Amino acid sequence: MRVYIISTVLVEIVVQRLTSWELIMTPNEYQLQAMSTAVYPVNHGKAYAVIGLCNEAGEVAGKFKKYLRDGVAYAVIQQQIQDELGDVLWYVASVATEFDLSLASIMEGNLQKLADRKTRGVIGGSGDNR
Ligand SMILES: [Mg+2]
């Protein structure tokens, strides 16, 4: 079993990169603001959002694939990944909204699930219900 440990140094680096704006925007505020730009057919809202999320996740993979193939500068791929993750995030908010969920509740639930798995020593492995 592989064990991945995120160091406190890495966490500190991420926190240092956060701007004050990022620190004050809540997940649900992002969700509301993101959905103010949603323009898609309401009769196919769930399908549109789920397909869009898969498409944007694929774009992250595509940019990274081209980074491996072409060896572009790190700053270039870093910006591309940021842009595509933003698109992924928008669609996560969209899927959440379509299923009457809040980003904050999703984030909290996910962290609780992972903390529970860590406590029980089942972070590794597979299966949704471990
Ligand atoms: Mg995109």
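Each row is one residue, and each column tells you yes or no for (1) part of a helix (DSSP H, G or I); (2) within 17 Å of the chain's Cα centre (by Cα); (3) surrounded by 13 or more Cβ atoms within 10 Å (Cβ to Cβ); (4) at pLDDT below 95.
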{"residue": "Ile13", "(1), (2), (3), (4)": "yes, no, no, yes"}
{"residue": "Leu23", "(1), (2), (3), (4)": "yes, yes, no, yes"}
{"residue": "Leu68", "(1), (2), (3), (4)": "yes, no, no, no"}
{"residue": "Gly86", "(1), (2), (3), (4)": "yes, yes, no, no"}
{"residue": "Ile106", "(1), (2), (3), (4)": "yes, yes, yes, no"}
{"residue": "Asn110", "(1), (2), (3), (4)": "yes, yes, no, no"}
Report task. Tell me, yes or no, whether the stretch 90-99 has at least one residue that is away from the ligand (no atom under 15 Å from the Cβ), in a loop (DSSP other than H, G, I, E, B), more than 16 Å from the chain's Cα centre (by Cα) and hydrophobic (A, V, I, L, M, F, W, C). Result -> yes
Query raised in the report: Which residue pairs have Cβ atoms closer than 6 Å, lie 6 or more positions apart in sequence or on different chains, and pair a first residue in the stretch 72-84 that is without any contact (Cβ under 8 Å) to a residue 24 or more places away in the chain and within 23 Å of Asn55 (Cα to Cα) with a second residue that is within 14 Å of the ligand (Cβ to nearest atom) and in a helix (DSSP H, G or I)?
Result: Gln80/Lys63
Requested in this report: Given the conditions (1) of a type in the set (D, E, K, R); (2) in contact with a Phe, Trp or Tyr (Cβ under 7 Å, 6 or more places away or on another chain); (3) touching a residue at least 40 places away in the same chain (Cβ under 8 Å), report the number of the one that Glu56 does not fulfil.
Outcome: (3)
Query - Count of the stretch 101-125 residues which are of a type in the set (Gly, Ala, Ser) and within 22 Å of Met35 (Cα to Cα) - result: 4
Requested in this report: Select from the stretch 35-66 the residues that are of a type in the set (Gly, Ala, Ser) and more than 14 Å from the chain's Cα centre (by Cα) and write down the one among them that is farthest from Ser105 (Cα to Cα).
Outcome: Gly62
**Report entry** Within the stretch 28-47, tally of residues that are in a helix (DSSP H, G or I) and more than 14 Å from Asp87 (Cβ to Cβ)
**Finding:** 12
Requested in this report: Among residues belonging to the stretch 112-130 that are outside any helix (DSSP H, G or I) and among the aliphatic types (A, V, I, L, M), point out the one that is surrounded by the fewest Cβ atoms within 10 Å (Cβ to Cβ).
Outcome: Val122
Report summary line: Of the residues in the stretch 61-88, those that are under 21 Å from Gln31 (Cα atoms) and β-branched (Val, Ile, Thr) come to Ile81, Val88
Query - Tally of residues being more than 13 Å from the ligand (Cβ to nearest atom), touching a Phe, Trp or Tyr at 6+ places or on another chain (Cβ under 9 Å) and not β-branched (Val, Ile, Thr) across the stretch 60-89 - result: 2
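The values are calculated or read from the model by the stated rules, or taken from the named source; none is laboratory data. Predicted, not measured: the structure shown is a model, and the values here were computed from it. We place every Cβ from the backbone using ideal geometry, glycine too, and count neighbours over all the protein chains shown.
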